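The values are calculated or read from the model by the stated rules, or taken from the named source; none is laboratory data. Predicted model only: the values in this text are computed from it and were never measured. So basically every Cβ, Gly included, is an ideal-geometry build from the backbone, and we count neighbours across all protein chains shown.
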Amino acid sequence: MTADTFAALLAARADDDRASLYYGEQVWSWREHVALSRRYALWGASAGHVGVLLDNVPELVFLVGAAALGGAVVVALNPTRSPVELVRDARAADVGLVVWDEPYGEAARAIGADLGVRLVSAEEVRRAGADPGCPGFGESAGLGRAGPGDLVMLVFTSGTSSGRPRAVRVTQRKLAVPGLSLARMLGPEDVAYCSMPLFHSGAIMAAYAPAVAAGAGLVLRRRFSASGLLPDVRKYGCTYLHYVGKALSYVLATPELGDDADNPLKLAFGNEGSATATRRFGERFGCFVIDAFGSTETAVSITPDPSGPPGCLGRLPEGVEIRDPVTGERCPPAVLEDGRLVNAGEAVGELVNVRGLGLFDGYYNDPEADAERIREGVYWSGDLAYVDKDGYVFFAGRGTERLRVDGENLAVAPIEAVVREAPGVLEAAVYPVPDSAAGDQVMLALVPAGREFDVTALGAFLESRQDLGIKAIPRYIRVCREFPLTPSHKVIKRLLARQAWHATTDPLYLRTATGYRPLTGDDVVEIENEFARHGRRHLLES
């Protein structure tokens, strides 16, 4: 094993008797952690690819450690997907055995029946791991040596744009590099909090890996709970937490108390938190929040810069460019007037790594997906962004989140950022819905901060903002109790866009010359008639 492998980082903890893992009232030392991972490795070495249908439970951590030390490759199946989808994912990843726990028995049995693979419950694995004399478990004498490119896991992308998740190859170096990088902010006395799902790359790379590299403790929460976060932080003495997506916003929606900042938390690290949420979270809980740019592929890395403009990802690094996805040409800098992007059509492009693939080792057995991302040795991320004249990068949305309204190109992220600043708004999602004549209309789904919501006040707020162009003001507003989310707390916008102003009982509003008013059944009939008159009714049926 070499120093640039995750196996080496884990093996270095073999004689460490400090606490490594907390789960409920249970605690494991690093010595016990490594010993269990080694026994699991011997058990799984002959299994090939082991699919896991588990929440954040200790067995999942030990299985990942086992994979790093030379056992089976862990295939992180997303248990929120349907049984049919999971069968497809398991088949694509060559799963030969499934470890499952309730409430995912039905999905596991579907995979077993369709693919003819063996099923093992988490309880069976737990009992066997606790018994050193159990057949298939033992000490680590026969484990092989790991190299930087050796496969440890397959982690599926969220698939929010295409709807088809892809299995990303997670190698030894793909875990070791971010683990060592984030471990610079941690020490053995720190305790990391992990409530984001471990079948997603964020929790593995930004919670588990740095805890191993630093020798810090790791607290597992079976599933994320907004109301449970602060009590957990206090109970276990957590100094670091990892988050993704909208998690910070949901914590901020819990009742505020005067002693919220009385906690041991020093640092929150994650990605896709809004600028408003990260600022408010840091102020309320007395910690420093670093919101980094990242994806499961980890091919484009942008270092956060707290001194940069609000909402920026950081400075555009050497070797990363913003290019027009159609022409391949480099996009010009953004032109901002009163904070409003006025040349989105030219400035917004795709983030591209022109020097190589970063930590991306490709998708598993998916040459079509590889070809989509890698063209002529250049990595195309699928993420839209723009850069200002000073070199600061701003996220503009995913590849499918570009809108064209009345011939003008718009990016969704700047609109969402403005809406999140409005009084009474907890979270916002902007997405295109078809226009009856041509192009798109802007639709906004929001989650209010309280039970009552004043849409008239929101309309006045949006019209008062100089950083929001008139065409960027949403035509339709949907007030949701909650968003449809992936397990990593990303909004499933394709579902919202498909529903548009149909298939929902949520309150809907239409923007008129006099402001927003409730969308009525007569309005829907007139809208559909407009689509029919322009020969675009098929767009309502897609």
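Mind telling me which of the residues ALA385, ALA413, ALA417 ends up being surrounded by 18 or more Cβ atoms within 10 Å (Cβ to Cβ), under 23 Å from GLY308 (Cβ atoms) and not assigned by TED's automatic domain parsing to the domain that holds ALA497?
Details: ALA413 fails: not assigned by TED's automatic domain parsing to the domain that holds ALA497; ALA417 fails: not assigned by TED's automatic domain parsing to the domain that holds ALA497.
The match here is ALA385.
Can you tell which of GLY270, GLY245 is under 21 Å from the mean Cα position of the chain (by Cα), modelled with pLDDT under 95, over 17 Å from PHE288 (Cβ atoms) and crowded, with 24+ Cβ neighbours inside 10 Å?
Sole residue among the options that is under 21 Å from the mean Cα position of the chain (by Cα), modelled with pLDDT under 95, over 17 Å from PHE288 (Cβ atoms) and crowded, with 24+ Cβ neighbours inside 10 Å: GLY245.
Any residue at all in the range 45-66 that is more than 22 Å from ARG221 (Cα to Cα) and surrounded by 24 or more Cβ atoms within 10 Å (Cβ to Cβ)?
yes
Among the residues of the range 454-495, write down those that are in contact with a Gly (Cβ under 6 Å, 6 or more places away or on another chain) and either among the aromatic types (Phe, Trp, Tyr) or within 15 Å of ALA417 (Cβ to Cβ) (or both).
The answer is ASP467, and nothing else.
Give the residue that is surrounded by the fewest Cβ atoms within 10 Å (Cβ to Cβ), with candidates limited to residues of the range 278-326 that are in contact with a helix residue (DSSP H, G or I) (Cβ under 6 Å, 6 or more places away or on another chain) and assigned to a loop (DSSP other than H, G, I, E, B).
Among them, the one singled out is PRO310.
Does the range 424-439 contain any residue that is surrounded by fewer than 18 Cβ atoms within 10 Å (Cβ to Cβ) and acidic (Asp, Glu)?
No, the conditions are met nowhere in the range 424-439.
Yes/no per residue for (1) surrounded by 11 or more Cβ atoms within 10 Å (Cβ to Cβ); (2) in the same structural domain as PHE156 (by TED's automatic domain parsing); (3) touching a residue at least 40 places away in the same chain (Cβ under 8 Å):
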{"residue": "LYS471", "(1), (2), (3)": "yes, no, yes"}
{"residue": "ARG481", "(1), (2), (3)": "no, no, no"}
{"residue": "PRO484", "(1), (2), (3)": "yes, no, no"}
{"residue": "VAL491", "(1), (2), (3)": "yes, no, yes"}
{"residue": "LEU495", "(1), (2), (3)": "yes, no, no"}
{"residue": "THR520", "(1), (2), (3)": "yes, no, no"}
{"residue": "ILE527", "(1), (2), (3)": "yes, no, yes"}
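Go through the range 436-467 and give me each residue that's touching a Pro at 6+ places or on another chain (Cβ under 9 Å), without any contact (Cβ under 8 Å) to a residue 40 or more places away in the chain and among the small types (Gly, Ala, Ser).
GLY439, ALA457
Among the candidates ASP291, ASP305, ASP324, which residue alone is closer than 23 Å to LYS490 by Cα, touching a strand residue (DSSP E or B) at 6+ places or on another chain (Cβ under 9 Å) and among the charged types (D, E, K, R)?
ASP291
Which ones in the range 85-106 are more than 23 Å from the chain's Cα centre (by Cα) and either in a helix (DSSP H, G or I) or free of Cβ contacts under 8 Å to residues at least 12 places away in the same chain (or both)?
ARG91, GLU102, GLY105, GLU106
Which one is surrounded by the most Cβ atoms within 10 Å (Cβ to Cβ) among residues in the range 193-204 that are modelled with pLDDT of 95 or more and more than 17 Å from PHE62 (Cβ to Cβ)?
Filtering the range 193-204 for residues that are modelled with pLDDT of 95 or more and more than 17 Å from PHE62 (Cβ to Cβ), the one surrounded by the most Cβ atoms within 10 Å (Cβ to Cβ) comes out as TYR193.
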